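*Asks:* Please read through the structure below; I'll follow up with questions.
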Amino acid sequence: MSRNHQQKKERILVRGAYLMTQDIELGNFVGDVLIAGGRIVAVGQDLTDDRARIVDGTGNAVLPGFIDTHRHNWQGALRNLGPAWTYQEYRSRVQIGLGQYFDPQDVHIGNLAADLMSLDSGVTTVRDESHISNSPEHSDAAIAAHWESGIRAVFDHGWPSTEAEQWQFGSARTHPDDIRRIRNEVLADDSARVTLNAMLRGPELSTPEVSEQDIRLARELGLRISMHVGLGDWGAEQQAIRQLDKTGLLASDMTFIHCCTSTDEELKMLAAHGATASVAGALEVFMPGLGQPATNRLLAAGVRPSLSVDTETIVSGDMFGVMRTTLAYQQLILAGAAGSMDRVPDLPTFDAADLISFATIEGARAAGIDDRTGSLTPGKEADLIMIRLDHHNLLPATDVAATIVAGGHAGNVDLVVVAGDVLKENGVLNGGDTVFEEAAASRDRMFHAAGLPLPA
Ligand SMILES: [Zn+2]
């Protein structure tokens, strides 16, 4: 895989599936989806089309592809290193420890590995939070991988992982100027499969002056903004959302990632300005240091959050695990297991159907691409997946949303279509055959450079 993915844009009629459209007017029903020219042409019952290839969806679920609104794709070849790490361990070992040794080709293979595992598990859009902008070539390599894999990607240009300590927690450095070149020369088209956003540090990770300057730069370039906030005690102290509200910078073009220790009042400010949120439910539960998932508190503030994986060094890169763990945390709190968080039972709760919408249409809204994807709505681009419900782990699929959330995994994902292009069919992912060797070689090279013992 060293060239751009060749789009075939087939004409396909999926018949007789249980459609979970995530379109409020269409709802869920047993029916058909016609795809042509890369778009969803029709959704309904008893559709016919003489030219389309027929895919039998009987007994299976068809839904929009999952949308991961926050993944550090560059770490794809460092997958599953530390499921028991704390935030400080992750930061010192990966961001500070290994990030400085990444060459552009390491970013390329990391991104490609992350994209392919995403596609395999039914993620059709990833928002790549790329804080590996060590040089313009690093960013170009990350973007190239997205073109090659066939995934829909929102590339969020971030800061370097060289001198990582200088770029976070009170940093006085402004956002790398290379974002102008990328905007003007590389990702100028906002309707393309790969688009550009700005991953900014904001008032929590940089000075107020830098934060304001960066935000103004992103808006001058016409870019949506993502920002990590509410990170542990530091986030509670800084109250980034409050600072942005006070300075008039808080707006609907912003997605706030984590929000674990953002106050309830800040979440209301976020809602009042029409901003969006990304809960990394699995990562926040697995990795001590950030705080707890803010899902229920966001709902109380009037925000339906999107969901995200974050770093595959700690949690699996599929949305099944994210949905399941996000729910597990709510249930743990309802069981009274959280001491000071015992007030959560008074807050609104969510169920499996909500989680599917968080992982699809709400993700599209957060990434600012809900005019194009996130639901099975005629006219939108054809990003959809089919999940087999007759597999042993899912049958008899009494409640489909509950079945997918409680028991689903990548192996149940039978069909994956992005912009009308079939990337996985009959449970087999197209391409990527050499990625395993390249990812292992990249990991070995970086471990060697960092003086770490090579894995057996
Ligand atoms: Zn993150």
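*Asks:* Consider Ile143 against the criteria (1) in contact with a His (Cβ under 7 Å, 6 or more places away or on another chain); (2) closer than 26 Å to Lys9 by Cβ; (3) without any contact (Cβ under 8 Å) to a residue 60 or more places away in the chain: it satisfies all of them except one. Which criterion is unmet?
*Replies:* The single condition Ile143 does not satisfy is (1).
*Asks:* Only one of these is part of a strand (DSSP E or B) and either within 16 Å of the ligand (Cβ to nearest atom) or open to solvent by 20 Å² or more (accessible area, probe 1.4 Å) (or both): Val62, Val30, Val55, Val14. Name it.
*Replies:* Selected residue: Val30, the only one of Val62, Val30, Val55, Val14 that is part of a strand (DSSP E or B) and either within 16 Å of the ligand (Cβ to nearest atom) or open to solvent by 20 Å² or more (accessible area, probe 1.4 Å) (or both).
*Asks:* Another question, if that's okay. Of all residues in region 65-90, how many are part of a helix (DSSP H, G or I) and either in contact (Cβ under 8 Å) with a residue 60 or more places away in the chain or in contact with a helix residue (DSSP H, G or I) (Cβ under 6 Å, 6 or more places away or on another chain) (or both)? Let's see the steps before the verdict.
*Replies:* Narrowing region 65-90 to residues part of a helix (DSSP H, G or I): 73-78, 87-90.
Now restrict to residues that are either in contact (Cβ under 8 Å) with a residue 60 or more places away in the chain or in contact with a helix residue (DSSP H, G or I) (Cβ under 6 Å, 6 or more places away or on another chain) (or both): 73-78, 87-88, 90.
Residues meeting the conditions: 9.
*Asks:* Any residue in region 360-385 that is free of Cβ contacts under 8 Å to residues at least 12 places away in the same chain and assigned to a loop (DSSP other than H, G, I, E, B) sitting within a Cβ distance under 9 Å of a residue that is open to solvent by 10 Å² or more (accessible area, probe 1.4 Å) and among the aliphatic types (A, V, I, L, M)? List the pairs, counting only those 6 or more apart or interchain.
*Replies:* If the second residue must be open to solvent by 10 Å² or more (accessible area, probe 1.4 Å) and among the aliphatic types (A, V, I, L, M), the pairs left are Asp370/Ile361.
*Asks:* Please determine, by comparing only the residues of region 309-319 that are more than 17 Å from Ile404 (Cα to Cα) and either among the aromatic types (Phe, Trp, Tyr) or within 9 Å of the chain's Cα centre (by Cα) (or both), which one is nearest to the ligand (Cβ to nearest atom).
*Replies:* Pass one, region 309-319, residues more than 17 Å from Ile404 (Cα to Cα): 309-315.
Now narrow it down to the ones that are either among the aromatic types (Phe, Trp, Tyr) or within 9 Å of the chain's Cα centre (by Cα) (or both): 309-310.
Working: Val309: 9, Asp310: 5 Å.
Taking the candidates together, the pick is Asp310.
*Asks:* Based on what the data block shows, is Met269 within 16 Å of the ligand (Cβ to nearest atom), at pLDDT 95 or above and either touching a helix residue (DSSP H, G or I) at 6+ places or on another chain (Cβ under 7 Å) or not in a helix (DSSP H, G or I) (or both)? Break it down stepwise before answering.
*Replies:* Values: within 16 Å of the ligand (Cβ to nearest atom): no; at pLDDT 95 or above: yes; either touching a helix residue (DSSP H, G or I) at 6+ places or on another chain (Cβ under 7 Å) or not in a helix (DSSP H, G or I) (or both): yes.
Judged against the criteria, Met269 is not a match.
*Asks:* Please indicate, with yes or no, whether at least one residue in region 277-284 is part of a loop (DSSP other than H, G, I, E, B) and over 12 Å from the mean Cα position of the chain (by Cα). Outline the logic, then answer.
*Replies:* Going residue by residue through region 277-284, those that are part of a loop (DSSP other than H, G, I, E, B) are 280.
Within this subset, residues satisfying the condition of being over 12 Å from the mean Cα position of the chain (by Cα) are none.
No - not one qualifying residue is present in region 277-284.
*Asks:* If you check every pair at least six apart or on different chains, which have Cβ atoms under 6 Å apart with a residue in region 274-288 that is more than 13 Å from the ligand (Cβ to nearest atom) first and a residue that is outside any helix (DSSP H, G or I) and of a type in the set (Gly, Ala, Ser) second?
*Replies:* If the second residue must be outside any helix (DSSP H, G or I) and of a type in the set (Gly, Ala, Ser), the pairs left are Gly274/Ser252; Ala275/Ser252.
*Asks:* Evaluate the following for Thr86: is it within 16 Å of the ligand (Cβ to nearest atom), surrounded by fewer than 19 Cβ atoms within 10 Å (Cβ to Cβ) and not hydrophobic (A, V, I, L, M, F, W, C)? Explain how you work it out, then say what you get.
*Replies:* On the way: within 16 Å of the ligand (Cβ to nearest atom): yes; surrounded by fewer than 19 Cβ atoms within 10 Å (Cβ to Cβ): yes; not hydrophobic (A, V, I, L, M, F, W, C): yes.
The answer is yes for Thr86.
*Asks:* Just to be sure, is Leu299 surrounded by fewer than 24 Cβ atoms within 10 Å (Cβ to Cβ) and assigned to a helix (DSSP H, G or I)?
*Replies:* Working: surrounded by fewer than 24 Cβ atoms within 10 Å (Cβ to Cβ): yes; assigned to a helix (DSSP H, G or I): yes.
For Leu299, the condition - surrounded by fewer than 24 Cβ atoms within 10 Å (Cβ to Cβ) and assigned to a helix (DSSP H, G or I) - is met.
*Asks:* Here are Thr261, Thr255: which of them is of a type in the set (S, T, N, Q), open to solvent by 10 Å² or more (accessible area, probe 1.4 Å) and either in a loop (DSSP other than H, G, I, E, B) or within 16 Å of the ligand (Cβ to nearest atom) (or both)?
*Replies:* Details: Thr255 fails: open to solvent by 10 Å² or more (accessible area, probe 1.4 Å).
Result: Thr261 is the single residue among Thr261, Thr255 that is of a type in the set (S, T, N, Q), open to solvent by 10 Å² or more (accessible area, probe 1.4 Å) and either in a loop (DSSP other than H, G, I, E, B) or within 16 Å of the ligand (Cβ to nearest atom) (or both).
The values are calculated or read from the model by the stated rules, or taken from the named source; none is laboratory data. Note that the structure is a prediction, hence the values are computed from the model and not measured. Cβ sites come from the backbone with ideal geometry, for glycine too, and all protein chains shown count toward neighbours. Only protein heavy atoms, including side chains, enter the accessible area calculation; ligands, DNA and RNA are left aside. Shrake-Rupley method; radii C 1.70, N 1.55, O 1.52, S 1.80 Å.
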